[in-house]
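Please read the structure below before turning to the comments.
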Amino acid sequence: MLEPSLELYGETYDKVDKLLNDLLAKSHARYAMIVDRKGFVLMHTRALWAPKPPSLDSLATLVASNYSANAAIAQLLGENGFKETVQQGDDVGTYLEELGDKALLVTVFDKSAALGRVKLFTKKAVEEIRMVISNSSDEVPDVSFDTNWSNSTGALIDGLFEVKDDEHN
Amino acid sequence: MSTINFSAREINFKIVYYGPGLSGKTTNLKRIYDQVPAESKGEMVSLATEDERTLFFDFLPLDLGKVNGFKTRFHLYTVPGQVFYNSSRKLILRGVDGVVFVADSAPNRLRANAESLRNLRENLKEYNLSLNEIPYVIQINKRDLENALPVEMIRQVLDPSSSVDFYEAIAEQFKGVFEPLRSVSKLVLEKLAQTT
Ligand SMILES: Nc1nc2c(ncn2[C@@H]2O[C@H](COP(=O)(O)OP(=O)(O)OP(=O)(O)O)[C@@H](O)[C@H]2O)c(=O)[nH]1
Ligand SMILES: [Mg+2]
């Protein structure tokens, strides 16, 4: 079965993109990223002035795993979850908010941003994104993945190891 | 369940390497990382103890390229095999699309193999999943061991009805590493093609 984690397409996508950019502008954070709880990046934005981000895949999988580990710790202790989800280093920090029950919104900031503003505007963005998504009337894009598709994609898997396979045989 | 990202035009799948401690799960990912061309792989992330035992997971994203305008990506994960890390194992299974079960050929690990497979079934149940519906294959690793058990014996224990594809491997030497990955990936793709 196919599952879009969040209904992010068409007009909704553009609106959410704008909200993420607003979030960066108002909070002075570096990056904002929507991550699926399984660890996949769904959307991200970067402030114009921000340095190139590290690997987004790595960041997303670590954020999602860290979140799930923290949630598990909370449960062990009889809590539904922990509230504060700030990580702060000397220069850079991250702030995380749940976005519905399938995704997370992560903001990465540095010294040029005040933590209070980051929290405030991240929370606000989460509310606004929820609204946009729940009011969305965009049709789910019609895509189908048939056997043609799976065969062609399967061939790409073979290609991945082709050269090296020969060396080993 | 595969995740589709319409805006980035990507389909993402999650493949988990499962199996008892020291069976060679991390070695599989390392060898895959070594062999895949740079443009098709991302960084490998390993959360391990000082003595290189997996503590939480290893992660390696693979990028297959586009078909019909959609990019297909496989995210490979390993779980920590040591018995007492079960809570971490459970977390890694969230959203799994396919499993490669890495069994150890050493005689004294036969029970650990069986126990790990039982543990996999149990953990999947928490997500309302079962091995009957999730594509999975078995890799029988460490075939180079002098006292390696006969493949048939290991298979009898793990898959008595012989319904699952299995592959002999010496992961350390990249033998039998690609085949199970290819096999499970294709099963995962076929499954999606059947249900959409
Ligand atoms: N003889 C032999 N040793 C192997 C083979 N594959 C892996 N090993 C060794 O087995 C040991 C454990 O390998 P790992 O890949 O770290 O095992 P793991 O399954 O990730 O272990 P955990 O993280 O504890 O679950 C390492 O010393 C590897 O070098 C193989 O095919 N043959
Ligand atoms: Mg390992």
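Details
- Highest-first packing order for the peptide set A:31-42, A:79-90 is A:31-42, A:79-90, based on the mean count of other beta carbon atoms within 10 Å.
- The alpha-carbon of A:K124 sits under 24 angstrom from the alpha-carbons of these lysines, leaving out residues fewer than 8 places away in its chain: A:K15, A:K18, A:K26, A:K38, A:K83, A:K102, A:K111.
- Among B:Q173, B:Q139, B:Q82, the largest mean-square fluctuation in a Gaussian network model of chain B (Cα springs under 10 Å) belongs to B:Q173.
- In sequence order, segment B:15-23 has phi-based couplings of 10, 10, 8, 10, x, x, x, 6, 6 Hz under the Karplus curve 6.51 cos²θ - 1.76 cosθ + 1.60, θ = phi - 60°, and Gly or Pro positions carry x.
- Counting only DSSP beta bridges whose two residues both lie in chain B, roughly 45 percent are antiparallel.
- Karplus (6.51, -1.76, 1.60) ³J(HN,Hα), θ = phi - 60°, over segment B:29-34, in Hz, Gly and Pro reported as x: 5, 5, 5, 4, 4, 4
- Separation in nanometres of the label points that stand 7 Å from Cα toward Cβ, at A:V86 and B:D144: 5.1 nm
- Amide H contacts of B:V99: B:V16, B:Y136, B:V137, each under 5 Å away and 5 or more positions distant or on a separate chain (H built 1.01 Å from N in the peptide plane; Pro and chain starts excluded).
- A:S112 versus B:L47: modelled label distance in nm, points set 7 Å from Cα along the beta carbon direction: 3.1 nm
- Considering only the protein assembly as shown, percent of DSSP beta bridges that pair antiparallel, nearest 5: 65 percent
- Cβ crowding within 10 Å averaged over residues, with A:124-136, B:17-29 ranked highest first: B:17-29, A:124-136
- Ranked from largest, the principal axis spans of the Cα set of chain B equal 51, 33, 29 Å.
- Spin-label pair A:E7/B:R118, simplified geometry with 7 Å Cα→Cβ offset, distance in nm: 4.6 nm
- Judged by the ratio a/c of the largest to the smallest principal axis of the C-alpha gyration tensor, the protein assembly as shown counts as prolate, that ratio being 1.5 or greater while a/b is larger than b/c.
- Lys-Lys pairs in segment B:1-106 that are eight or more residues apart or on separate chains and whose Cα atoms lie under 23 Å of each other come to 12.
- Segment B:44-61 - phi-based ³J(HN,Hα) in whole Hz, Karplus 6.51/-1.76/1.60, Gly and Pro as x: 9, 10, 10, 9, 10, 7, 4, 8, 6, 8, 5, 9, 10, 6, 10, 9, 9, x
Only the coordinates and a few stated rules stand behind these numbers; no lab work does. Given the structure is predicted, the values throughout are model-derived calculations rather than measurements. Counting neighbours? That spans all protein chains shown, and the Cβs are built from the backbone with ideal geometry, glycine included.
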